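Report on the following structure.
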């Protein structure tokens with residue numbers, strides 16, 4: 001059919017304005033979550049829901065001291081096992097373990113060599129059990145254990 005008459009036109013919009021926001025002198029527009037509408041495919045959480053979610057996982061850092069003294073190891077033959085007291089750690093935790101190196105480069109190298117002798121670390125209530133399958137450390141090691149729960 002034939003096109004009908006054109007109706008009245010509204011005011012022309014400013015092409016620089018986005019979601020009711022005008023760019024600053026540098027051309028940037030700052031938006032917040034409140035400026036973005038929820039849709040079926042995009043839902044937002046409330047601050048309370050966000051806090052609840054963030055509390056689901058927490059990181060705990062523990063420290064321990066692994067001695068090189070023979071009397072602290074379970075035997076004089078492999079495998080060597082030492083129980084290191086670590087306050088607050090419990091049996092079900094599965095820590096990520098690492099050493100805290102000394103600032104002196106030569107001492108740090110010796111610590112790294114000794115750390116490579118550690119085969120496994122398991123947890124108990126108030127202790128970590130360090131196992132060395134072949135050799136045991138020749139220097140004391142300050143260890144840190146990170147647990148994410």
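The numbers here are math on the coordinates, done by the rules we state, and not lab data. These figures come from a predicted structure and were not determined experimentally. Cβ placement follows ideal geometry from the backbone for every residue including glycine, while neighbour counts extend to all protein chains displayed.
The table below lists the values:
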item: 222 nm mean residue ellipticity, helices alone, for the chain (DSSP H n ≥ 4; -39,500 (n - 2.57); rounded to 500); result: -3500 deg cm²/dmol
item: The chain, relative contact order [Cα under 8 Å, separation at least 6], %; result: 27 percent
item: Degrees, to the nearest 10: 105-115 long Cα axis against longest axis of the chain; result: 80 degrees
item: Stretchable slack from residue 146 to residue 68, in nm (0.36 nm times residue separation minus alpha-carbon distance); result: 25.8 nm
item: Dimensions (Å) - the chain, Cα atoms, principal axes, largest first; result: 101, 35, 32
item: Residue with peak Gaussian network fluctuation, the chain [Cα springs, cutoff 10 Å], from 108, 16, 57; result: 16
item: Sites residue 83 and residue 54 - FRET efficiency at Förster radius 35 Å, r taken between beta-carbons, to 0.05; result: 0.55
item: Nitroxide proxy distance, nm - points 7 Å out along Cα→Cβ at residue 39 and residue 102; result: 6.1 nm
item: Most mobile listed residue (109, 55, 42) in the chain, GNM with C-alpha springs under 10 Å; result: 42
item: Gaussian network model of the chain, Cα within-10 Å springs - most flexible of 90, 17, 139; result: 17
item: Where labels lie 7 Å past Cα in the beta-carbon direction, separation of residue 24 and residue 46 in nm; result: 3.2 nm
item: Inter-site label distance for residue 139 and residue 109 at 7 Å from Cα along Cβ, in nm; result: 1.0 nm
item: Sorted peptide list for 25-38, 118-131, criterion being average Cβ within 10 angstrom, highest first; result: 118-131, 25-38
